[in-house]
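None of the figures in this text is laboratory data; all of them are computed from the coordinates on show. Please read all numbers here as calculations on a predicted model, not as lab measurements. Here the Cβ is made from the backbone with ideal geometry for all residues, glycine too, and neighbour counts use every protein chain on show.
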Amino acid sequence: MADDLQKPPVSGSDLYERDYLAWTEVQASALRARRGGENALDYDNLAEEIEDLGKSEYRACESQIENILEHLLKIEFIGPVETIPHWRGEIAGFRHQLSKRLTATIENRVRPELDDAFAYAVKSLETRGLLERATVLASRSGYDWTQVVDSDWYPEPRYGGS
C-alpha cells in the first residue's frame, strides 16, 4: 500500500513519471479522502480503477520476471546448446520489457518474492516434463536479483553446452 512508501516531496506529475505504481496509490488515497454531494464523482470506484492500473503494472513485471527465470533455467539445465541463442534472445526481450515498467516501488515488492518466483518457474518446467526439480535444487537455490535484471548475464549450461 501507499503507506509503506517513503514519499519524496515531488509534484504529482513528477511522481507519475518516476514511479507509476506509487503515483496510482497516492492518487487512489487522495480520491478516497475527498467526499462530495449527491452529484459527486464516484470516488471509491475511481480509486479502485486507479489502483487496478498500478496492480496491472505490477503483474506485468511479475510476469516478465517469471519468463526470465524460466528461460534462465532452460539455458542452464535443459539444452540442447543449439537453443541457447534463441533463449538468450527471449530473455533479452523480457528484460527490456521489464526495464520499461519497473519502478522502485515495484522492485521493492517483487525482489522479496524472487525465491517464490524461482520455485514457480522450476515447478512449471517440471510439470511440462522439461526438467526434474531435484536436479535443479541439488545445484541451485535460485537466481539473485542482479542476475535476473543484468542484460549481459546468463548462466553456464550444466549439460555440457556453452
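With angles folded into 0 to 90 degrees, how steeply does helix 114-127 sit against the dominant principal axis of the chain? Use alpha carbons for both and round to 10.
Once rounded, the angle reads 50 degrees.
Over the chain, what is the mean sequence separation of C-alpha contacts under 8 Å (at least six apart), divided by residue count, expressed as relative contact order in percent?
That works out to 25 percent.
Beyond 26 Å, how much of the Cα-Cα pair distribution for the chain remains, as a whole percent?
Within the chain, distances greater than 26 Å cover 40 percent of Cα pairs.
Longest span of the chain, sites excluded, free of chymotrypsin sites (Phe, Trp or Tyr not before Pro) in DSSP loop with at most 16 other C-beta atoms within 10 Å?
Longest run free of exposed loop sites: 1-152.
Please list, by residue number, everything in the stretch 97-119 whose backbone N is under 19 Å from a paramagnetic label point 7 Å out along Cα→Cβ of Gln147.
Flagged as within label range: 110-119.
Which distance in Å, rounded to a whole number, links the C-alpha centroids of the stretch 120-140 and the stretch 78-118?
17
What does the C-alpha gyration tensor say about the overall shape of the stretch 58-100? Classify as rounded when a/c is under 1.5, otherwise prolate if a/b is larger than b/c, or oblate.
oblate
If Lys and Arg each add +1 and Asp and Glu each add -1, what is the summed charge of the other residues whose beta carbon sits under 15 Å from the beta carbon of Ile75?
Overall, the nearby charge balance is -2.
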